[in-house]
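Visitor: Attaching a single structure in structure tokens format; questions to follow.
The values are calculated or read from the model by the stated rules, or taken from the named source; none is laboratory data. Fair warning: this is a prediction, and the values are worked out from it, not measured in the lab. Reconstructed Cβ throughout: ideal geometry from the backbone, glycine too, with neighbour counts over all protein chains shown.
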Amino acid sequence: MRGNAFEARVKADGGTELMRLLHERMGAGSPPPVPGEVLVPDLSAAGPEGRVARTALALREATGADGSPGLWTLLVHPLVALDVAGSPAYLEPDAVVVGPDGRWTVVEIKSFPMIDSSADPAKVGAAARQAAVYVLALERIAARTTGARVDHSVLLVCPRDFSNLPTASVVDVRKQLSVTRRQLTRLTRIEDLAAELPEGTSFDLERCSQAELTAAVDSVTAAYAPECLAACELAFHCRGRARSAGAVEALGRGVRGELGGLTTVGAVLAAARGESAPGTADDDPTVVALRRAAALRAEALRSLPEGAVAGCR
Amino acid sequence: MSLISTLARLEAVESGRAQPLATVCHRRLSDRPLVFVPLTTAGEAGAPLGALVGTDRGSPRLLTVAQPRDRDLRFAFLAELAETLLPHLDAYADDVEPAERSETDPETGKRVKVEVELCVDAPQLIVPNRPGVDFVRLLGRSMRFRRTAEQDPDTPYPAPARVPLLGRWLTHYGERARVPGSSLLLAATDLLNRHWATGQSNLEDQHLGALLAWIDPPDGGSGRDAALRAETDRDGRGQLRCPPAGPATDPAFDNRLLAPAIDEYDRARQFLGAAEDGPGADEQLGRLTRAEREIRALLESQLRPTWDAVWRGLDLLRELPEGARVADRWTRDRWSFTGHRDRVRSGEPPQPRHDDAVTAAQKLASRETAQQQLEAQEALDDPLVLAGRRLAGEAFIGEVTEVVMAYSESKRPSPRPLVTLYSEDTPQLGERTKVYRSLDGKPQSAEFVGWEPDGGGTLVVRLTDRMGRGREPAEGSLPEKGDVIAWTLFEHDQRGGPKLPSTEETPWTHGGPPAVEGRGPGAVPLPEARTPADGTPSAPPLPLPDPVTEDDFL
């Protein structure tokens, strides 16, 4: 909607404005793209496999491995594939630009504003992670193409200040690349995950009753942390489970780290009160510190006149 | 989070109610705070949708924008906001008291005292949450470079008269909110989170409704259940019973209620335009008014619960007595307000888009100092905060068991009495570590001499100052046997860091002295920014406005 309108505006006129921004920010040493002479190949094909093949072909042609004069090429909505945990995932970057020197650059167009050349760091971070995945997928194609290399910086295009005029910034995604690469190699394969589930488990929203779905969700363990609330629709469900189990992670990952071997609210409070908890020695440093904290806290609250602490009547 | 506040959170989980994190109120709460609850349009930058604003909790002023994409309506909203906020700020600007400030004399380079005005009180602005603070900054940024028709007759879309001025004030408030311990612009959630620990995580604490439910559940029941209701309960139309505290609205509200209402408004406007003066005009005008009223009612339904929640939060905080050193920090806020008042009155241009290197370094240094000062002052004001520092070994409480007179070995011996203390705390003391205690509000320092060999928590410190000039210590400057004293390993007052060079002497490593006058150096060099080559000096040029297009929106 809004994002699409902005994207369309940026790519209008055969990408003249986009190419100008790209050359201004990243095109040092290469001839500027001439408006109207930028190649915009047609990437439409039947089915995702067809589009992936078409994209790879267009990339190879644009890189000029056959010795054609290096022109700028703009690929709008190419489709690339990446192997994720054993199954192919199709990815559609906003645009990929092939420069005259055979350099491939990922362009990410976002609709959040860049005010005084800075934008919301959380949103920029998300865009960088997203673009890193595209870079990774492109690198597989580049490995099979002579003279090609994928730029490890991407171009982020956003509306400037409070207008709808585009501005751009170069984002270095090397860190996101190595993180994503590592995570992809460590992912458990989908078959292995499915093998863990009880026979006949299904998460099909159409065909399962509510009770079946609840049972299916409950059969999967979850590592809940408060960060899940921003990202996952099941977060309230997992939070309820974590809370009823008394898990200290429900209060934040940092809390868990502070409390050593004590993992439940009940165990922590019992240790703080001086009761000896099973499995934890009385001279455990966490237990000692907790008891000291509880004593200091009680002392400070005792010094108050009765009822002086509002909100806890 | 320190272990002691983690413990408070766990206690809150167990009891189902928030637990105190402070025994006094650590921020100034004005008698007449101006509460500002804004809403923004989803997906657009700096496009306000509506706001409740005012100092009277019973009758807030409702400001709305019926079609947020219409620049004229948006300007009308901002003008109305300026007419509400600026008189409130102005009311404080002329009530002044004489004060002294030390300035560097430009000729001699010496520090001299100058008589200046200091506002007796400063207007306080309260918003519901942290995104609200950011929105105040954003509004300030979007307004302060606008030009009015008076400033520039050629400007394509002139802003109403007082809008750029409001932008400068909101920018100042937004900037001041980044100084630790300041109280000019506060978020209700930050205030409540400073004083209570709930049984949920920091992230969930940003939800004003849930936070209040933990602290003061409406029916006196479990805070946890009330918080869950505040987070998830929806009415028959699928709307949250406790709408988000803004500025972002709930998507369900945007899609199901607001979008149709705005469409209806657009249609009514179109028909009215088509009808012109024809027979149907009156009828269409009525339709337009109805549509506008419908949007106002919808926005009020989202804003009013938050408005009431902010005031309820303020009530809870007012039950706490104010910390002893809060007034000291408030004085700095008054200086900040007065300083900006003076800059506006002397006709200085609006704050630049980017700070120059020296200003940025100064801001960072002063915020660091303010942070350390805040931590020290909170610990001195509040035994519960001090308990956290004691747990960390940064402070201790000791009972005086003996005071032995001793003198320094100099030509004029001065008193250096040895004080023996008994303490159950475990401070991290090394050889000659300096420790401080508060003596009539001023710090008295001592140095650690050693632990008594019995290992029973007895230690000796040597007092080193605040005992007067004579050979005998001044009356009341020595502790006496039986006194229980809080000692800290951190300083009570913070000294500023080394002096920074003046702006004209900015080193080349930091971009050198600013080149363009009237604009912040280091600002993005916009192509239009270059000064005309005719070289005629004139009044400091206005900073360039933001680029505008026919239609501002995506």
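Visitor: For residues in region A:146-168 being within 14 Å of another protein chain (Cβ to nearest Cβ) and in contact (Cβ under 8 Å) with a residue 60 or more places away in the chain, which is farthest from A:Ala127 (Cα to Cα)?
Guide: Going through the qualifying residues, I end up with A:Asn164.
Visitor: Looking at A:Ala216, A:Ala225, A:Ala211, can you tell me which residue is under 21 Å from A:Ser244 (Cα atoms), at pLDDT 85 or above and within 14 Å of chain B (Cβ to nearest Cβ)?
Guide: A:Ala225
Visitor: Which pairs have Cβ atoms under 7 Å, sit 6 or more apart or on different chains, and link a residue in region B:192-217 that is on the phi > 0 side of the Ramachandran plot and more than 10 Å from chain A (Cβ to nearest Cβ) to one that is among the small types (Gly, Ala, Ser) and assigned to a loop (DSSP other than H, G, I, E, B)?
Guide: none
Visitor: Do any strands (runs of 3 or more DSSP E) lying entirely in region A:50-120 carry at least 3 residues that are among the hydrophobic types (A, V, I, L, M, F, W, C) and under 22 Å from the mean Cα position of the chain (by Cα), and which ones are they?
Guide: A:80-84, A:103-109
Visitor: Next question, about the same structure. I need the full set of residues from region A:26-49 which are in a helix (DSSP H, G or I) and surrounded by 17 or more Cβ atoms within 10 Å (Cβ to Cβ), in order please.
Guide: Of everything in region A:26-49, just one residue is in a helix (DSSP H, G or I) and surrounded by 17 or more Cβ atoms within 10 Å (Cβ to Cβ), namely A:Met26.
Visitor: For region B:110-156, what are the residues that are part of a loop (DSSP other than H, G, I, E, B) and under 26 Å from B:Arg332 (Cβ atoms)?
Guide: Listed by number, the residues that qualify are B:Lys110, B:Val120, B:Asp121, B:Ala122, B:Pro123, B:Gln124, B:Pro128, B:Asn129.
Visitor: So which pairs qualify, if the first residue must be in region A:108-127 and more than 11 Å from every other protein chain (Cβ to nearest Cβ), the second must be of a type in the set (D, E, K, R) and assigned to a strand (DSSP E or B), the Cβ gap must be under 9 Å, and the two must be at least 6 apart or on different chains?
Guide: Within 9 Å, the pairs are A:Ala127/A:Glu108.
Visitor: Related question: Looking at B:Ser5, is it among the polar types (S, T, N, Q), outside any loop (DSSP other than H, G, I, E, B) and within 14 Å of chain A (Cβ to nearest Cβ)?
Guide: Answer is yes for this residue.
Visitor: Sticking with this one: Quick check on A:Glu24: is it in contact with an Asp or Glu (Cβ under 7 Å, 6 or more places away or on another chain) and within 14 Å of another protein chain (Cβ to nearest Cβ)?
Guide: no
Visitor: Restricting attention to region B:374-399, and to residues there that are part of a strand (DSSP E or B) and buried (at least 18 other Cβ atoms within 10 Å of the Cβ), which single residue is farthest from the chain's Cα centre (by Cα)?
Guide: B:Gly398
Visitor: Right, B:Leu285: without any contact (Cβ under 8 Å) to a residue 60 or more places away in the chain, more than 14 Å from chain A (Cβ to nearest Cβ), part of a helix (DSSP H, G or I) and buried (at least 16 other Cβ atoms within 10 Å of the Cβ) or not?
Guide: Taking the combined requirement at face value, the residue does not satisfy it.
Visitor: A further question follows. Mind checking which residues of region A:254-276 are part of a loop (DSSP other than H, G, I, E, B) and surrounded by fewer than 20 Cβ atoms within 10 Å (Cβ to Cβ)?
Guide: A:Gly260, A:Gly261, A:Thr263, A:Gly274, A:Glu275, A:Ser276
Visitor: Looking at region A:272-279, is at least one residue facing chain B (nearest Cβ under 10 Å), of a type outside the set (Lys, Arg) and under 15 Å from B:Leu7 (Cα atoms)?
Guide: So far as region A:272-279 goes, yes, one or more of its residues are facing chain B (nearest Cβ under 10 Å), of a type outside the set (Lys, Arg) and under 15 Å from B:Leu7 (Cα atoms).
Visitor: Answer yes or no: is there a residue in region A:172-182 that is in contact with a strand residue (DSSP E or B) (Cβ under 6 Å, 6 or more places away or on another chain), within 30 Å of A:Leu71 (Cα to Cα) and either part of a helix (DSSP H, G or I) or at pLDDT 90 or above (or both).
Guide: Yes - at least one qualifying residue is present in region A:172-182.
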